[in-house]
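Trainee: Before anything else, here's the structure in question.
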Amino acid sequence: MIKLNINMGTDNSDEKEDVMEKILKQILSGLKDVKKDITEFKTEMHDFKDEMIEFKTETTKRLDELEIGQRENRNILRSLEHASEVSKAQRDRFTHDIKEIKGDIKDMKKDITKIEFVASSNWNEIIKLKATK
């Protein structure tokens with residue numbers, strides 16, 4: 001703020017010119033201070049702009065890295081889903097095969113039981129035949 005302590009009450013033109021010159025010098029000094037403040041502000045804003053550009057660059061780089069990682073994770077997940085589907089299909093096939101084998105074994109046990117019964121019956125007939133001789 002410019003502070004003026006000038007008394008303009010006299011009629012002397014030299015004094016008026018001196019007063020006017022003092023006022024102009026004070027105004028000029030104030031303007032120089034404002035110009036200096038503006039220059040400092042511009043420098044600070046330029047530095048701030050540089051920091052923001054650097055921040056944006058770093059943030060963009062990090063975002064790009066995150067996107068790459070996310071893409072890789074998505075590909076891994078798809079591979080795991082496919083492997084899981086293949087594994088489930090194999091388990092289902094194994095389950096079906098095991099049920100089929102169990103059925104075959106059950107049928108074979110029945111057949112063996114029949115064979116044992118027929119063999120037993122044959123041995124009884126052989127014993128009877130031997131006994132009649």
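The values are calculated or read from the model by the stated rules, or taken from the named source; none is laboratory data. Bear in mind that the values here come from a model prediction, so they are computed numbers and not experimental data. Neighbour counts are summed over all protein chains in view; Cβ atoms, including those assigned to glycine, are modelled from backbone coordinates with ideal geometry.
Trainee: Checking the condition of a type in the set (G, A, S) and over 57 Å from the mean Cα position of the chain (by Cα), which residue from S87, S13 passes?
Mentor: S13
To keep it simple, each residue is scored yes or no on (1) modelled with pLDDT of 95 or more; (2) surrounded by 10 or more Cβ atoms within 10 Å (Cβ to Cβ); (3) hydrophobic (A, V, I, L, M, F, W, C).
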{"position": "I2", "(1), (2), (3)": "no, yes, yes"}
{"position": "N7", "(1), (2), (3)": "no, no, no"}
{"position": "D14", "(1), (2), (3)": "no, no, no"}
{"position": "D18", "(1), (2), (3)": "no, yes, no"}
{"position": "K22", "(1), (2), (3)": "no, yes, no"}
{"position": "E40", "(1), (2), (3)": "yes, yes, no"}
{"position": "T43", "(1), (2), (3)": "yes, yes, no"}
{"position": "M52", "(1), (2), (3)": "yes, yes, yes"}
{"position": "T59", "(1), (2), (3)": "yes, yes, no"}
